[in-house]
Amino acid sequence: MPVRLTLPFGRPICPLFLALLVLGVVVPRQAEAQKKTGETKGADTKSSVSKSKRPRDFAPTGVAEYQSPNFFVVTDLSPDETKDLLKRLENMLGLIEKYYDHKLRAPISMYVVKDLKAWPQNVLARFEGAGLQSIRDGAGVTMGRSQISRSTGEIVNSAATVYAVADRGTPQHEAVHAYCQLSFGRVGPTWYAEGMAEIGQYWTEKGLGVHCHDVVLKYLQRSEPKELIEIVDTTDQTGDSWENYAWRWVLCHMLANNPNYAPRFKPLGLGMLKGQDVSFESVYGSMAKEIQFEYSFFLQHIDQGFRADLCAWDWSSKFAACKGPVPMTVKIDAMRGWQPSRAIVSADEEYDFSVSGTWKTTTSGTPVNADGATDGNGKLEGVIFDDYTLSEPFELGTYGTFKAPKSGNLMLRCRDKWNELADNNGKLQVKLKQTGKGNPLPKPEKITAPVDSNPKSPKTKSPTKSSEPSAKPAE
Ligand SMILES: [Zn+2]
């Protein structure tokens, strides 16, 4: 039965997907819905939203039916609210179709309810029991059915009807289930079905960053990471708890956006949607340590706008011991997270660095060198990676000497808020060498005084010394 899933602040999220496999029975759900709720053929599909004739019995209540190219919606929302809803649904559907490279063949039928009391009995009588119950529970449900061929065992026909409360996320979430059901005959295992539906709920043109409800974000920020193996547990039932939905979303978001895992994620998803014998474990088993590391890293830094793609770990770079008289040179990009210096450093040694060039931590900001701005943004900093764990970060700068807090692979980055990397630009050239070997590193051509990285408050600061190496952890 449907389970109420209400976020702490009272906003319900979609809890449930029900799929029924009906052997040998064609369920003309779409045709039935259209016949029962009024004529929609010939509706204007040029505009993204068109409103069809209201059947007589709908008129006094404000319940009406609307059609856009891919959605057929019966709702008590106002025409303007419905227009906004259909616009969001169409936008999201376009992104889903692009992602799966699969066009929806028939419109998705939806009942979207703002106030159940406004709905006439004869319309409510058409609701399936679980649909009505889910609406009463302040949530949503997608009733899916697929017809299986007796001879081949393959799915030959599918139908889906969405029942959703008229909040911002639930109709979008349910529409993802309906799209999967109609396109592939399945929605996949719970972790994937609900994780992708949550992605759909948040899917906007805003791009690749994290955009989720604040309450979900705060929950994830303060919680101990849930074990991956628990998230993908195939015995999990849909509609269990909003917290479980949050973990499923995190995993799917990271796998879909991080270039280390995205190329395998789409085929895995399609395989599961098509009923093939694939699973999270079979596809990612060989990358378990890497995924675990990046999953933990993602949760450690998750915030609105955080970009899993920009912070993806470079697992392919080759590292070598930094020793002898010949300096090692590497370019570090302001827009990326930790990047390989390709130098293995020892905690027992000292190393010289010399960094040339400038970068910016905002689109319109002032370029700064590796010493960064007075607020610390733009400073070159390092961290040591060893056996899938990280040291505390430590500051570098344009020129100086440092001692690593532990032995391992030196990673470097431009200091900035982790969720604000996307507007950075520029690269610095970093030279590294074991202290005392060979010639001293050349000083960078010009070491300017630190400037304020915020162009809106151009304070004049007195010049300070170029950076001293420091083992003090960065904030
Ligand atoms: Zn769902």
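The values are calculated or read from the model by the stated rules, or taken from the named source; none is laboratory data. Here the structure is a predicted model, which means the values were calculated and not measured. Positions of Cβ are backbone-derived with ideal geometry, glycine not excepted, and every protein chain shown enters the neighbour counts.
A few comments on the model shown:
- One residue alone among PHE293, PHE298 is part of a helix (DSSP H, G or I), of a type in the set (Phe, Trp, Tyr) and over 30 Å from GLY400 (Cβ atoms), and that residue is PHE298.
- Filter result for THR204 (at pLDDT below 90 and more than 16 Å from the ligand (Cβ to nearest atom)): yes
- Criterion (more than 16 Å from the ligand (Cβ to nearest atom) and touching a strand residue (DSSP E or B) at 6+ places or on another chain (Cβ under 8 Å)) met by exactly one of ARG222, ARG150, ARG186: ARG150
- Cβ-Cβ contacts under 6 Å between residues 6 or more apart (or on different chains), taken from a first residue in segment 81-96 that is at pLDDT below 95 to a second residue that is surrounded by 15 or more Cβ atoms within 10 Å (Cβ to Cβ) and part of a helix (DSSP H, G or I), are listed as MET92/GLN172; MET92/GLY200; ILE96/TYR179.
- In the set ILE231, ILE199, only one residue is within 16 Å of the ligand (Cβ to nearest atom), of a type in the set (Val, Ile, Thr) and over 15 Å from the mean Cα position of the chain (by Cα); that residue is ILE231.
- Segment 273-321, residues that are surrounded by fewer than 16 Cβ atoms within 10 Å (Cβ to Cβ), touching a residue at least 60 places away in the same chain (Cβ under 8 Å) and closer than 26 Å to CYS180 by Cβ: LYS274, GLY275
- The sole residue among SER407, SER356 that is on the phi < 0 side of the Ramachandran plot, surrounded by fewer than 17 Cβ atoms within 10 Å (Cβ to Cβ), touching a residue at least 60 places away in the same chain (Cβ under 8 Å) and not assigned by TED's automatic domain parsing to the domain that holds GLN300 is SER407.
- Taken over segment 212-228, residues that are crowded, with 17+ Cβ neighbours inside 10 Å and either outside any loop (DSSP other than H, G, I, E, B) or in contact with a His (Cβ under 6 Å, 6 or more places away or on another chain) (or both) amount to 5.
- Segment 322-334, residues that are crowded, with 19+ Cβ neighbours inside 10 Å and part of a loop (DSSP other than H, G, I, E, B): CYS322, PRO327, ALA334
- Matching residues, segment 132-161, being free of Cβ contacts under 8 Å to residues at least 60 places away in the same chain, touching a Gly at 6+ places or on another chain (Cβ under 9 Å) and buried (at least 16 other Cβ atoms within 10 Å of the Cβ): SER158
- Any hit, segment 241-253, residues being within 16 Å of the ligand (Cβ to nearest atom) and in a loop (DSSP other than H, G, I, E, B): yes
For every residue, the table says whether it meets (1) small (Gly, Ala, Ser); (2) in the same structural domain as ALA164 (by TED's automatic domain parsing); (3) more than 14 Å from the ligand (Cβ to nearest atom).
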residue: HIS102; (1), (2), (3): no, yes, yes
residue: SER109; (1), (2), (3): yes, yes, yes
residue: ALA118; (1), (2), (3): yes, yes, yes
residue: GLN121; (1), (2), (3): no, yes, yes
residue: ALA130; (1), (2), (3): yes, yes, no
residue: SER146; (1), (2), (3): yes, yes, yes
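- Extreme residue, nearest to the ligand (Cβ to nearest atom), among residues of segment 162-181 that are hydrophobic (A, V, I, L, M, F, W, C) and either without any contact (Cβ under 8 Å) to a residue 12 or more places away in the chain or in contact with a Gly (Cβ under 8 Å, 6 or more places away or on another chain) (or both): VAL176
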